[in-house]
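I have placed the structure first, in the form of structure tokens, so that the comments after it can refer back to it.
Laboratory data are not the source of any read-out in this text; all were calculated from the coordinates shown. Here the structure is a predicted model, which is why all the values come from computation and not from measurement. Neighbour counts run over all protein chains shown; Cβ positions are idealised from the backbone, glycine included.
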Protein chains: 2
Amino acid sequence: MTPEEFRAAGHQLIDWIADTRSTVESKPVLAQVQPGEVRSNFEVNAPTELVGIEDLLTELENNIMPGVTNVQHPMHFGWFPSNASLSSVLGDIASSGIGSLGISWESSPALTEVEEVVCDWMRQLVGLSDAWHGALNDTASSSCMVAMLVARERATNLVQNRAGTQSVETPMRVYTTAQAHSSVAKAALLAGFGWDNIVSIETDPRTYAMLPEALANAMQADADNNMTPAAVVASVGTTGTTAFDPVGEIVEIAARHNAFVHVDAAQAGTAMLLPEYRHLWNGVEGADCVAWNPHKWMGTILDTSLFYMRDVDLLNRIMSTNPSYLMSAADGQVTQYRDWGIPLGRRFRALKLLFHLRLDGIESVKDRVRRDIANAKWFEAVVASEPDWEVCAPVDLQTVCVRHHPPQLNGSPASTEQLNAHTLEWVRKINRSGDAYMSPSILDDQWMVRVSVGVELTERHHVERLWGLMQSAVQPS
Amino acid sequence: MTPEEFRAAGHQLIDWIADTRSTVESKPVLAQVQPGEVRSNFEVNAPTELVGIEDLLTELENNIMPGVTNVQHPMHFGWFPSNASLSSVLGDIASSGIGSLGISWESSPALTEVEEVVCDWMRQLVGLSDAWHGALNDTASSSCMVAMLVARERATNLVQNRAGTQSVETPMRVYTTAQAHSSVAKAALLAGFGWDNIVSIETDPRTYAMLPEALANAMQADADNNMTPAAVVASVGTTGTTAFDPVGEIVEIAARHNAFVHVDAAQAGTAMLLPEYRHLWNGVEGADCVAWNPHKWMGTILDTSLFYMRDVDLLNRIMSTNPSYLMSAADGQVTQYRDWGIPLGRRFRALKLLFHLRLDGIESVKDRVRRDIANAKWFEAVVASEPDWEVCAPVDLQTVCVRHHPPQLNGSPASTEQLNAHTLEWVRKINRSGDAYMSPSILDDQWMVRVSVGVELTERHHVERLWGLMQSAVQPS
């Protein structure tokens with residue numbers, strides 16, 4: 001395709017995107033397709049016929065879009081927000097158009113240095129000190145994987161460079177809570193710690209935050225038993241209920257054992273843009289690394305996940321390779337982001353943040369974040385005011401966890417099984433309808449429903465409409 | 001930003017991209033900036049002022065583009081080609097515009113199923129059997145990391161789910177060659193095997209391919225010494241010289257020890273689109289996984305790295321997490337790509353391949369690949385015909401490794417040090433000029449220069465011009 005053909009097709013595509021985004025509210029939230037349905041729209045055999053852009057856009061519209069769950073829809077309250085602000089989409093388009101290659105500083109100095117610049121801007125905007133150095137990863141899962149690898153190597157004085165983890169005699173332990181994101185256990189397992197060495201620390205029964213005394217006891221007991229307390233993963237805003245582990249106390253306890261501390265603030269990092277919420281990660285300066293995702297609530301399109309590290313030398317010693325074909329005269333004077341994680345090559349992700357910050361600005365993001373928190377607080381209040389409804393966890397930010405308790409039959413309360421069935425029934429009824437989407441989730445061994453407010457287009461009236469849908473859905477049919 | 005503001009800005013951006021791509025040949029190949037120069041174009045403090053798209057495009061042009069090494073430039077012969085075909089750029093733009101979220105099938109059925117479709121098309125196009133199942137990763141480094149983790153877990157019967165790698169008593173060994181990409185050792189180290197257990201198998205002194213007898217001997221010796229031969233990484237097209245390890249013999253030898261075999265065909269996978277080159281990975285069907293990068297020579301813009309696995313159940317058992325908030329009624333009937341690798345979330349990468357295949361078509365790619373191989377062969381022949389020049393390795397595809405031997409002074413041949421200095425001098429002279437770019441690289445402990453043909457815009461006359469630049473550059477100044 002020539003640049004002129006691209007120009008013509010690109011204009012059509014931009015119009016298609018603008019049309020699609022401006023009509024998102026008229027579409028179902030949850031894709032109304034069955035497993036295999038999208039696949040069946042395509043030939044089994046690799047295509048041999050070419051099409052023009054008009055036909056391809058028609059295919060996209062007819063064969064693909066019905067299978068897209070519309071996370072940009074204002075009635076999407078599932079998982080966490082996955083906003084794709086159109087200013088950041090433009091940055092992503094610029095990145096694609098430039099077609100840069102990030103495998104070394106020399107392969108694209110701008111890619112490296114603009115990434116340094118925007119990571120530093122974001123650091124300032126959430127109030128982290130200049131002891132932190134940032135990079136853009138694809139996801140917080142990958143950052144957690146890096147954190148676990150660094151923790152393992154720090155605990156063993158870089159055993160990877162010798163006989164490997166098998167040669168380590170003292171068992172290495174990782175501490176987190178049952179409320180931590182699934183990527184934490186996954187990363188610890190993949191890093192080779194083993195399931196037996198992932199210690200689940202008790203949480204406060206009301207707040208679901210890690211109990212620091214329980215952590216202190218567990219770490220001390222392990223140390224007394226000749227085990228190495230290697231790492232603690234503190235969740236700043238858990239996925240389940242947006243609980244906040246007490247980072248300050250955790251880093252203090254971890255320091256007694258020289259254990260590595262990773263702070264997973266994937267969702268709640270956005271709230272740290274607001275000074276009035278920064279107490280929620282008090283003590284973060286004492287941690288070793290922090291991950292948070294502008295591609296969630298903040299709205300810089302996926303994949304834009306910030307990873308901050310204090311001891312970059314340690315990180316680089318674990319991650320670095322320096323093959324001769326990538327050596328250059330600039331070595332030693334520049335950042336080599338390939339030595340910050342697993343992939344060698346990277347896209348020019350920094351443009352997404354640059355465009356977002358320059359075209360929309362951080363003030364508009366902060367206004368939106370405050371709006372979302374206010375909407376969640378409003379929703380919490382109306383739910384809590386209804387006797388049949390329960391708010392299951394503190395609402396510190398924008399996620400409200402709820403259960404509906406059906407009226408008692410014959411005077412006896414619903415059993416756990418009945419309540420679970422009821423919860424899944426009403427939430428799936430709404431989800432399947434396409435009118436709104438929420439995430440059923442398990443808390444205290446029982447299903448509840450997470451209502452996660454924060455899509456860019458979600459205004460108060462959308463939350464009000466959701467509440468109406470919920471009240472209807474729980475009525476006996 | 002509203003969809004209408006996006007529409008207006010998007011049209012300007014598309015024009016900027018078309019202009020940029022159509023004038024790439026007038027720019028230097030290597031970015032003509034010093035370390036820190038791009039960074040110094042930006043304020044240290046996070047921006048508070050907003051700009052419009054015109055001003056931002058001006059900033060992009062003035063402050064960023066001079067720092068971009070133009071890998072789309074027809075005189076770029078460095079690393080491997082990193083083509084970004086404009087048809088695939090359109091697919092990437094569509095993906096950004098849709099703003100889909102890939103964390104489960106339900107979060108975007110189309111994202112999952114179109115990925116299945118295009119991975120299967122690509123499988124057919126390189127002649128792999130339907131025993132293989134594919135996914136799109138960011139890079140071949142990540143695929144290699146996954147391969148090493150799976151190999152480790154298979155060798156230990158999933159020890160991650162018990163006491164972790166520390167509890168394994170028998171040392172686990174990984175076999176590869178010194179010619180393998182740096183990501184192989186990195187992945188083995190990060191997977192915890194340890195440097196001592198990465199066994200470098202001797203290569204043929206002429207072809208730089210792994211010697212199967214040496215592999216057989218090493219694996220047997222280890223097994224006899226109560227070590228576990230866990231994995232072999234076979235390179236199909238090494239980074240240094242595009243050497244081809246004998247996959248067929250390797251899988252046979254590995255099978256004797258039930259060792260896992262990963263095939264790294266990052267660059268050479270593209271050649272497998274041509275049936276006449278498939279003998280170069282004969283035996284691949286016996287391997288356990290294969291990685292190759294359409295984002296290199298084939299030209300589907302970064303990040304588009306194919307990962308094929310035969311035993312997907314094993315992969316999923318190692319990688320899967322099933323948190324309650326991601327459970328849905330479709331579980332068990334659908335592919336959950338989160339269980340194929342480390343990141344939970346993924347972008348709608350499949351659209352890049354879909355657009356590339358539908359708008360440009362695979363036949364045009366194949367024509368281009370044949371053109372590049374012919375250009376490399378021509379270049380090999382002219383270099384070999386000059387007495388002072390040496391072609392250092394077989395040219396099986398499109399990378400030509402060369403050295404220039406300066407005329408003897410006082411009748412004595414240049415020392416290794418002198419030859420190294422001479423090589424780095426002439427190649428850096430050309431690279432710094434911006435007229436062309438090649439990768440100096442070390443082979444047999446001595447510097448040589450890799451000339452990697454294959455940029456989309458590179459025609460015969462560009463290779464001829466490169467040859468002229470090289471002949472001038474080696475003249476004493």
Inter-copy spacing of residue B:221 label points, which lie 7 Å from Cα along Cα→Cβ, given in nm from shortest upward: 4.8
Charge-dipole axis of the stretch B:362-473 as Lys and Arg at +1 and Asp and Glu at -1 on Cβ define it, positive-most pick from B:413, B:385, B:399: B:399
Spatial separation of Cα centroids for the stretch B:313-332 and the stretch A:287-334, in angstrom: 29 Å
Over the protein assembly as shown - Rg/Rh using Cα atoms and the Kirkwood inverse-distance radius: 0.96
Structure-based [θ]222 nm, chain B - -39500 (n - 2.57) summed over DSSP H runs of at least 4, per residue, nearest 500: -11500 deg cm²/dmol
Dipole moment magnitude, nearest 20 debye, chain B about Cα centre, only Lys, Arg, Asp, Glu C-beta charged: 220 debye
Cβ-placed point charges (K, R +1; D, E -1), dipole of the stretch B:120-222 about Cα centre in debye, nearest 20: 180 debye
Spatially near lysine pairs across chain B, Cα under 20 Å, sequence gap of 8 or more or different chains: 6
For residue B:175, distant residues with modelled amide H under 5 Å away: B:199, B:231, B:232, B:233
Footprinting exposure proxy for B:388, A:245, A:130 (fewest neighbouring C-beta atoms within 10 Å first): A:130, B:388, A:245
Ranked B:222, A:92, B:435, criterion: other C-beta atoms within 10 Å, fewest first: B:435, B:222, A:92
Rounded to the nearest 20 debye, dipole of the protein assembly as shown from Cβ charges on Lys, Arg, Asp, Glu: 300 debye
Charge context of residue B:320, other residues only, Cβ under 14 angstrom, K/R +1, D/E -1: -2
Neighbourhood net charge (12 Å Cβ-Cβ; Lys/Arg +1, Asp/Glu -1) for residue A:21: -4
Teacher prompt: residue A:52 distances to equivalent labels in other copies, 7 Å Cα→Cβ, nm: 3.4
Whole-Å distance, taken between Cα centres, linking the stretch A:1-64 and the stretch A:81-114: 23 Å
Within the stretch B:377-425, GluC sites (Glu not before Pro) in DSSP loop having at most 13 other beta-carbon neighbours inside 10 Å: none
Spatial separation of Cα centroids for the stretch A:343-370 and the stretch A:401-470, in angstrom: 33 Å
Residue A:62-residue A:200 FRET efficiency (beta carbon distance; Förster radius 51 Å; 0.05 resolution): 0.60
Order of B:439, A:22 - criterion: other Cβ atoms within 10 Å of each residue's Cβ, fewest first: A:22, B:439
Amide H contacts of residue A:102 (H built 1.01 Å from N, under 5 Å, at least 5 apart or other chain): A:346
Spin-label model distance (nm) - residue B:226 vs residue B:417, 7 Å beyond Cα toward Cβ: 4.8 nm
Axial C-alpha extent at least 30 Å, average Kyte-Doolittle at least -0.5 - helices from chain B (DSSP): B:362-384
Distances in nm from residue B:459 to the matching label points in the other copies, shortest first (labels 7 Å along Cα to Cβ): 5.6
Normalised contact order of chain A, rounded percent, pairs of Cα under 8 Å and 6 or more residues apart: 22 percent
